[in-house]
Amino acid sequence: MIHFLFLVGFAFFVSVAFGVFASGSEREKAIYGAKVFAQFIIISLVLAWIFYFIPW
(Lines give C-alpha, C1' and ligand atoms only; values in the text may rest on other atoms or scores of the structure.)
Protein backbone atom coordinates (compact mmCIF):
# COMPACT_ATOMS: atom_id res chain seq x y z
CA MET A 1 0.00 0.00 0.00
CA ILE A 2 2.85 2.38 0.78
CA HIS A 3 4.19 2.00 -2.77
CA PHE A 4 0.87 3.19 -4.16
CA LEU A 5 0.89 6.24 -1.90
CA PHE A 6 4.41 7.09 -3.03
CA LEU A 7 3.29 6.65 -6.64
CA VAL A 8 0.35 9.01 -6.13
CA GLY A 9 2.57 11.59 -4.42
CA PHE A 10 5.23 11.42 -7.12
CA ALA A 11 2.62 11.59 -9.89
CA PHE A 12 0.98 14.59 -8.21
CA PHE A 13 4.16 16.62 -7.85
CA VAL A 14 5.45 15.79 -11.32
CA SER A 15 2.10 16.61 -12.93
CA VAL A 16 1.97 19.92 -11.06
CA ALA A 17 5.46 20.75 -12.33
CA PHE A 18 4.53 19.77 -15.90
CA GLY A 19 1.38 21.88 -15.65
CA VAL A 20 3.30 24.89 -14.37
CA PHE A 21 5.90 24.72 -17.13
CA ALA A 22 3.43 23.99 -19.94
CA SER A 23 2.46 26.73 -22.35
CA GLY A 24 -1.08 27.98 -22.72
CA SER A 25 -3.77 29.49 -20.54
CA GLU A 26 -4.28 28.57 -16.90
CA ARG A 27 -7.19 26.31 -17.84
CA GLU A 28 -5.10 24.45 -20.43
CA LYS A 29 -2.29 24.04 -17.91
CA ALA A 30 -4.69 22.58 -15.34
CA ILE A 31 -6.17 20.16 -17.87
CA TYR A 32 -2.70 19.10 -19.00
CA GLY A 33 -1.59 18.51 -15.40
CA ALA A 34 -4.70 16.43 -14.70
CA LYS A 35 -4.09 14.36 -17.84
CA VAL A 36 -0.48 13.71 -16.88
CA PHE A 37 -1.55 12.66 -13.38
CA ALA A 38 -4.19 10.28 -14.72
CA GLN A 39 -1.72 8.81 -17.22
CA PHE A 40 0.85 8.18 -14.48
CA ILE A 41 -1.68 6.32 -12.34
CA ILE A 42 -3.38 4.35 -15.10
CA ILE A 43 -0.17 3.26 -16.84
CA SER A 44 1.41 2.28 -13.53
CA LEU A 45 -1.58 0.14 -12.56
CA VAL A 46 -1.65 -1.55 -15.97
CA LEU A 47 2.07 -2.30 -15.76
CA ALA A 48 1.65 -3.63 -12.22
CA TRP A 49 -0.98 -6.11 -13.41
CA ILE A 50 1.19 -7.17 -16.35
CA PHE A 51 4.19 -7.75 -14.07
CA TYR A 52 2.00 -9.60 -11.57
CA PHE A 53 1.30 -12.35 -14.09
CA ILE A 54 4.88 -12.72 -15.34
CA PRO A 55 6.52 -15.71 -13.63
CA TRP A 56 9.91 -14.50 -12.43
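The values are calculated or read from the model by the stated rules, or taken from the named source; none is laboratory data. These figures come from a predicted structure and were not determined experimentally. A quick note on method: Cβ atoms are made from the backbone with ideal geometry, for glycine too, and the neighbour counts reach across all protein chains shown.
For region 11-38, enumerate the residues that are closer than 22 Å to residue 1 by Cβ and without any contact (Cβ under 8 Å) to a residue 12 or more places away in the chain. Full working, then the answer.
Here is the first cut: in region 11-38, the ones closer than 22 Å to residue 1 by Cβ are 11-15, 37-38.
Those that are closer than 22 Å to residue 1 by Cβ and without any contact (Cβ under 8 Å) to a residue 12 or more places away in the chain: 13, 38.
Consider residue 30 carefully, then state whether it is of a type outside the set (Ser, Thr, Tyr), surrounded by 13 or more Cβ atoms within 10 Å (Cβ to Cβ) and assigned to a helix (DSSP H, G or I).
yes
For residue 16, work out the one condition from (1) over 12 Å from the mean Cα position of the chain (by Cα); (2) modelled with pLDDT of 95 or more; (3) surrounded by 12 or more Cβ atoms within 10 Å (Cβ to Cβ) it doesn't fulfil.
All conditions are met except number (1).
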